[in-house]
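Since the structure comes first, as structure tokens, the remarks are kept for the end.
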Amino acid sequence: MPTVPRVSAVPLYLSRTYHWAYLDRRTLPWLDRSLVVSAILWGNAGRLMQAAAEEFQAGQRLLQAACVYGPFSRMLAEQVGGEGDLEVIDVAPIQVANVRRKLDGLPQAQARQGDLAAPDTVDAAAYDAVCCFFLLHEVPPIERACIVHNLLGAVRPGGKIVFVDYHRTHPWHPLRPIMAQVFRWLEPFADSLLDTDIPALSAHSGDFEWKKTTLFGGLYQKLVGVRRG
Ligand SMILES: C[S@@+](CC[C@H](N)C(=O)[O-])C[C@H]1O[C@@H](n2cnc3c(N)ncnc32)[C@H](O)[C@@H]1O
């Protein structure tokens with residue numbers, strides 16, 4: 001009997017909070033521009049994308065957890081190369097269609113719809129590497145813990161996971177009050193990420209060696225975990 005692909009519902013936190021940003025076909029073409037992405041990240045988009053992409057290698061099977069505006073998915077597909085395999089999973093069908101368009105001409109890259117907080121969206125130990133770029137701050141704490149747990153479980157022994165996201169700035173950071181307002185108005189779940197120890201969200205974390213670096217006065221973090229082989 002043919003199997004019917006399972007379609008996850010768009011979570012309420014996404015439709016209620018971020019409809020304007022990710023689910024509206026009128027705003028999507030305006031937001032998915034390098035200039036906008038660069039402005040949102042205070043000119044650091046290229047540097048942050050590069051810092052994530054350089055963690056991966058040609059030939060790897062790489063999972064990108066959720067779509068990202070700008071050229072990031074193409075960068076990852078080019079990093080794993082023709083011998084590798086990039087899979088992008090996003091819960092919003094409009095985002096899956098958009099990233100498929102952006103990945104046109106790169107046969108090593110595919111995208112599919114799925115809820116990364118659900119236990120059966122990604123197979124255990126199926127990937128050499130997983131990249132989670134600016135997803136966790138847009139997700140409420142319970143779903144965030146589920147996503148971290150599922151993504152850690154998806155890394156094969158010897159494989160790697162990379163999180164890039166917001167972080168608590170140094171107290172003197174000139175953007176600290178501005179970012180506090182941005183989070184208050186537009187990103188209601190972000191503040192709860194800033195002091196969170198991401199590995200502590202999952203019981204799998206003890207299987208990994210962790211290294212965290214911060215960038216731009218502590219506003220951003222890159223957290224790399226390597227699963228013991
Ligand atoms: C990666 S985050 C934010 C990225 C960044 N702010 C940018 O400029 O694109 C946005 C994506 O996460 C997706 N997303 C949110 N919750 C998800 C979940 N539980 N499973 C899969 N995708 C999810 C949304 O549909 C959206 O496309």
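Here's the picture: charge each Lys and Arg Cβ at +1 and each Asp and Glu Cβ at -1 in the chain, and of L135, I161, V7 the one pushed furthest to the positive end of that dipole is L135.
Among V10, V122, the order by Cβ neighbours within 10 angstrom, fewest to most, reads V10, V122. Counting neighbouring Cβ atoms within 10 Å and putting the fewest first, the residues I40, I89, I142 line up as I142, I40, I89. Footprinting exposure proxy ranking of I198, I161, fewest other C-beta atoms within 10 angstrom first, gives I198, I161.
Secondary structure note: in the stretch 77-229, about 60% of the DSSP beta bridges are antiparallel. In a reduced charge model with +1 at each Lys and Arg Cβ and -1 at each Asp and Glu Cβ, the stretch 6-125 shows a dipole moment near 520 debye about its Cα centre.
Can you list the lysines whose alpha carbon is less than 23 Å from that of K211, not counting same-chain residues fewer than 8 positions off? Counting by Cα, and skipping residues close in sequence, K211 has these lysines nearby: K160, K222. About its Cα centre, the chain has a charge dipole of approximately 380 debye under the convention of +1 per Lys or Arg Cβ and -1 per Asp or Glu Cβ, with nothing else charged.
Spin-label model, A125 to R25: label points 7 Å out along the Cα-to-beta-carbon direction sit 4.3 nm apart.
Remark: the chain projects, on average over all directions, an area of 12.8 nm² (convex hull of Cα atoms). Annotation: peptides 90-98, 46-54, ranked by per-residue average of other Cβ atoms within 10 Å with the highest first, follow the order 90-98, 46-54.
Readers should treat all values here as calculations from the given coordinates under stated rules, not as data from a laboratory. Because the structure is predicted, anything quoted here is derived from the model rather than measured. Positions of Cβ are generated from backbone atoms using ideal geometry, with glycine treated the same way; all protein chains shown enter the neighbour counts.
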